[in-house]
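The values are calculated or read from the model by the stated rules, or taken from the named source; none is laboratory data. All figures in this text were calculated on a predicted structure; none of them were measured in a lab. Every residue, glycine as well, gets a Cβ built from its backbone with ideal geometry; the counts of neighbours run over all protein chains shown. Side chains included, ligands, DNA and RNA excluded: accessible areas come from the protein's heavy atoms. Shrake-Rupley method; radii C 1.70, N 1.55, O 1.52, S 1.80 Å.
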Amino acid sequence: MPDDMVEAHIRGVKNALAAGWRVLDRGGSALDAVEEAVVIMEDDETFDAGRGSFLNRDGKVQLDALIMEGATLRAGGVGCVEHLRNPVRAARKILSESPHVYFVGEGAEKFAAQHGVPLCRNEDLIIPREVERLRQYQAEAARRDAKPDGNHLFAPSADDATISHDTVGAVALDRNSNIAAATSTGGTLNKAPGRLGDSSLIGCGCYADNESAAASTTGWGEPIMKLVLAKWTTDRIAAGNLPEWAAQEAMNYLKQRVNGHGGIIVLNPEGHIGIAHNTPRMAWGYRTVRKEEAGVMREG
Ligand code: ASP
């Protein structure tokens with residue numbers, strides 16, 4: 001995350017915290033809180049979610065999202081959708097109103113429309129900043145005759161410090177001791193059309209179980225998927241470890257096992273949190289009855 005984007009990220013995270021908190025403060029559920037928090041970040045062009053997301057190789061926005069409830073293990077996911085401003089709203093409808101867990105592409109959009117989630121044009125999700133970013137990226141790749149695998153975009157040694165990667169996620173705990181998680185993304189820059197990342201896959205980019213913890217991840221999706229990283233982390237917590245430790249261990253595991261780079265937020269039903277990243281920066285924030293904090297660096 002370049003210096004000149006830090007403030008916008010912190011502002012966006014704080015707005016999301018405020019939206020989630022409003023739900024919890026009036027006695028609402030963790031599930032509603034994570035949905036509202038993620039909607040705020042999908043609507044904020046700072047982030048790689050909803051409008052303003054990275055473009056795929058064909059110059060289109062293609063979005064993935066998942067939401068999961070820890071009490072019931074109900075989950076809803078959408079993948080490769082192109083006509084939804086708020087994919088997390090569609091994911092929530094799937095969780096609440098469908099016997100299925102996951103919809104992709106046109107079927108997901110049809111389900112969303114039938115359940116009251118408005119559709120938009122793909123062009124409505126595209127902003128000039130991203131058109132220019134894709135143009136530059138493709139021109140540079142052609143010049144170098146390189147076939148980048150994606151990891152270099154996330155590595156601390158990334159030579160392009162003008163790119164930030166902003167999948168969004170939220171975890172929440174409500175008054176009834178229920179936890180929930182949600183993750184939403186435009187995926188990776190210049191991805192192949194139809195490529196699905198980790199973010200919307202259960203246990204990879206997102207997981208919630210009241211018997212362990214809620215987790216949301218970000219980073220280069222392919223390595224995260226291979227490790228089923230969100231579930232890996234919550235399993236450590238079920239085994240008796242604290243979220244803070246498990247989050248840090250997840251980042252070590254990601255780096256050591258598959259040379260991956262990313263970040264994670266974790267929360268257990270006792271209210272312990274874990275925030276870790278092995279990228280140079282990751283925007284994060286949390287709010288409790290006692291305290292609110294946000295930043296772009298978290299020391300392990
Ligand atoms: N994990 C996302 C993906 O690979 C990207 C990100 O987190 O920035 O689709």
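See the values below:
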item	result
Matching residues, the range 247-276, being outside any helix (DSSP H, G or I), open to solvent by 30 Å² or more (accessible area, probe 1.4 Å), touching a strand residue (DSSP E or B) at 6+ places or on another chain (Cβ under 9 Å) and in contact (Cβ under 8 Å) with a residue 12 or more places away in the chain	Ile265, Gly271, His272, Ile273
Top-ranked residue in the range 178-212 [being more than 12 Å from the ligand (Cβ to nearest atom) and not in a loop (DSSP other than H, G, I, E, B); ranked as most open to solvent (accessible area, probe 1.4 Å)]	Ile202
Residue selected from the range 213-234 under the condition assigned to a loop (DSSP other than H, G, I, E, B) and open to solvent by 10 Å² or more (accessible area, probe 1.4 Å), by the criterion farthest from the ligand (Cβ to nearest atom)	Val228
The range 235-246, residues that are surrounded by 21 or more Cβ atoms within 10 Å (Cβ to Cβ) and either over 17 Å from Gly70 (Cβ atoms) or in contact with a Ser or Thr (Cβ under 6 Å, 6 or more places away or on another chain) (or both)	Ile237, Ala246
Qualifying residue in the range 25-39 (condition: within 16 Å of the ligand (Cβ to nearest atom) and within 14 Å of the chain's Cα centre (by Cα))	yes
Unmet criterion (only one of (1) more than 16 Å from the ligand (Cβ to nearest atom); (2) farther than 18 Å from Leu119 by Cα) for Asn86	(2)
Of all residues in the range 277-300 being small (Gly, Ala, Ser) and out of contact with any Asp or Glu (no Cβ under 8 Å at 6 or more places or on another chain), the one that is surrounded by the most Cβ atoms within 10 Å (Cβ to Cβ)	Ala294
Within the range 24-35, tally of residues that are without any contact (Cβ under 8 Å) to a residue 40 or more places away in the chain and open to solvent by less than 60 Å² (accessible area, probe 1.4 Å)	1
Arg92 open to solvent by 10 Å² or more (accessible area, probe 1.4 Å), in a helix (DSSP H, G or I) and closer than 20 Å to Arg195 by Cα	no
Test: residue in the range 12-22 that is surrounded by 17 or more Cβ atoms within 10 Å (Cβ to Cβ) and touching a Ser or Thr at 6+ places or on another chain (Cβ under 7 Å)	yes
Pair list, Cβ < 8 Å and 6+ apart or interchain, from the range 174-201 residues that are under 12 Å from Ala214 (Cβ atoms) to residues that are within 14 Å of the ligand (Cβ to nearest atom) and β-branched (Val, Ile, Thr)	Ala182/Val38; Thr183/Val38; Thr183/Thr167; Thr183/Val168; Thr183/Thr217; Thr183/Thr218
